[in-house]
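In what follows, a single structure is set out as structure tokens and then discussed.
The values are calculated or read from the model by the stated rules, or taken from the named source; none is laboratory data. Just so it is clear, the model here is predicted, and its values are computed rather than measured. Backbone-built Cβ (ideal geometry, glycine too); neighbour counts: all protein chains shown. Calculation scope for accessible area: heavy atoms of the full protein, side chains included, ligands and nucleic acids excluded. Shrake-Rupley method; radii C 1.70, N 1.55, O 1.52, S 1.80 Å.
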Amino acid sequence: MKIDWEVARPRADRVRIKRHTCDCRPVFYELCQAGGLMFIRRTTIRGKTRLVDESPWVVTREALEMWRMLLAGRAR
């Protein structure tokens, strides 16, 4: 599965992080919820630079499947 990552932009006042991977790695992920939708936030750290991208905002069922596939190595 290919995830269409886009540069993160503010879309909601509050975002809840429901699950996450370890932030001890140079790339880590957060499963987020806001405005009735869910998305995955990808943070890439290169030196002192932090790049943040987001997956498309989708309904919960689709986001959970995307999260599961990402963790299983079947999505990028």
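Consider segment 13-36 and keep the residues that are open to solvent by less than 50 Å² (accessible area, probe 1.4 Å) and not hydroxyl-bearing (Ser, Thr, Tyr). The one that is farthest from the chain's Cα centre (by Cα) is ALA34. Would you mind stating whether ARG76 is closer than 15 Å to ILE3 by Cα, part of a strand (DSSP E or B) and open to solvent by 50 Å² or more (accessible area, probe 1.4 Å)? The answer is no for ARG76. Can you tell me which residue within segment 16-45, out of those that are in a loop (DSSP other than H, G, I, E, B) and touching a residue at least 24 places away in the same chain (Cβ under 8 Å), is farthest from ILE3 (Cα to Cα)? Within segment 16-45, the match that is farthest from ILE3 (Cα to Cα) is GLY35. For segment 9-24, give me each residue that is at pLDDT 95 or above and either under 19 Å from ARG76 (Cα atoms) or of a type outside the set (Lys, Arg) (or both). Scanning segment 9-24 gives VAL15, ILE17, ARG19, HIS20, THR21, CYS22. Somewhere in segment 46-55, is a residue of a type in the set (Gly, Ala, Ser), modelled with pLDDT under 95 and either on the phi > 0 side of the Ramachandran plot or not in a strand (DSSP E or B) (or both)? Within segment 46-55 (the criterion being of a type in the set (Gly, Ala, Ser), modelled with pLDDT under 95 and either on the phi > 0 side of the Ramachandran plot or not in a strand (DSSP E or B) (or both)), the answer is yes, since at least one residue qualifies. Among the residues examined, MET69 does not qualify as in contact with a helix residue (DSSP H, G or I) (Cβ under 9 Å, 6 or more places away or on another chain) and either open to solvent by less than 40 Å² (accessible area, probe 1.4 Å) or not in a strand (DSSP E or B) (or both).
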